[in-house]
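Only the coordinates and a few stated rules stand behind these numbers; no lab work does. From a predicted model like this one, the values you see are computed outputs, not experimental measurements. Using ideal geometry, Cβ is built from the backbone for each residue, glycine included, and neighbour counts are taken over all protein chains shown.
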Amino acid sequence: MNDKVKVLHTEWSDGWGGQEIRIIGEMIAIRDTGLEVFLACRSHSVIKQKAKENNIKVFTLPFNGNSDLRTLFALKKIIKKYDINIVNTHSGKDTWVGGLAAKLSGVKFIRTRHLSNHIRSSRTNFINELADYIFTTGESVRMNMIRYNRIRPGKIQSIPTGIDTDVFNPDKYDIKQCRDKFHVEDNQIVIGIVAVLRRFKRHDRFLEMVSYIINHNPDKNIRVLIAGDGPQKEKLSSMIDDLNLKDKVTMLGHVQNIPELLKALDIFVLTSDSGEGVPQSVMQALLMKTAVVATNSGSTGDLHNEENFILIDKENKAHLDNACNQLVNDKNLRKIYEEKSRHYVLDNFSKTIMTEKIVNVYRQLS
């Protein structure tokens, strides 16, 4: 076993969402245990800047596609020069070139699968089978890869993204200060969502629910906060106008201090219909003792213990409307969920637990 394990992460994505946040957080946590970490990504990607801000060595490569030989051979050179032990890949395109570079270099290849949508089961899509080990971010993702992609159960493990429970600690934040920061009045009931503005997050369904709630509760002072940026921004802004919600809904864009926002909310909502592993935003909201309504997309159910939040059918719009309406109208019910929300996540999904599991696999492979 090599005591100084060196891990090269690869990432094709140029955005900044849950997947990229997980990668940077994981790399920092792993480095703190004494391992060395490196990142190969595209030159214009957000993750490049985030890695540099955290003093992570970065290599910029084209990652032009599954058969990008230029990137493949550049990765081989990096592996040899820096004596890399493990290559950990994250998106589809970098998994092909990163995985093959690892195999051709004689080092271990780990595939991390973040999304919950099915991977093509065709025999030509064999790259995941070549991996020495696979991490998934949720149990449903693990089961799908075993069932549809011929992955042996002994070499795949679900390791959800660990949350820093010290940062996401509601006792560290003053609710009045947090609500003041987001210009929330004392008597307002605040509903919020934190998600990159992409189609599968279903902000359209979220806004339809908000319209339903406001129309059915004219006596309630309701405020809605949307945190996040992305390609759906203009479309959602137009939808807010069309539904006459401009006076109720604020699009915050990217929010730096998520714990402060979650502390200001009364109800947190996840409306995704696909693409989720174990969603970080739901874990964060639960840790901050916020009442949560979330769809059963991907592995969201891994966070549910029947009493810590309301888990709804992702296809059932009425269920979403009714669950949120119930919380809006029942302060005592919100309190019940708030009190029961934190403990299950604390015991099962902390960053410490995630780091221990990953380091254990790294050391076994090296």
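See the values below:
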item: Cross-link partners of Lys331 among aspartates and glutamates (Cα-Cα below 12 Å; sequence separation of 8 or more within a chain); result: Asp266
item: Three-way shape label, region 163-207, alpha-carbon gyration tensor, a/c 1.5; result: oblate
item: Label selected from [x] 21.2, 67; [y] 19.8, 64; [z] 22.7, 77, the criterion being Rg and Dmax of the Cα atoms in Å as computed here; result: [x]
item: Nearest-ten-degree value, helix 139-148 long axis tilted from longest Cα axis of the chain; result: 50 degrees
item: Value of D in µm² per second that Stokes-Einstein yields for region 35-154, Kirkwood Rh from Cα pairs, at 20 °C (1.002 mPa s); result: 143 µm²/s
item: The chain: angle of helix 317-329 to the longest principal axis, Cα-based, in degrees nearest 10; result: 60 degrees
item: Degrees between helix 203-216 axis and first principal axis of the chain (Cα, 0 to 90, nearest 10); result: 10 degrees
item: Trypsin sites (Lys or Arg not before Pro) restricted to DSSP loop in region 1-106 with at most 11 other C-beta within 10 Å; result: Lys4
item: Sorted by Cβ neighbour density within 10 Å, fewest at the top, the residues Thr10, Thr290; result: Thr290, Thr10
item: Sum of side-chain charges, Gln19 neighbourhood, beta-carbon under 15 Å (Lys, Arg +1; Asp, Glu -1); result: +3
item: Length-normalised contact order of the chain in % [C-alpha pairs under 8 Å, at least 6 apart]; result: 16 percent
item: Gyration tensor (alpha-carbon) shape descriptor, region 170-348, a/c threshold 1.5; result: rounded
item: Amide H contacts under 5 Å for Ser158, placed H, 5+ residues apart; result: Thr136
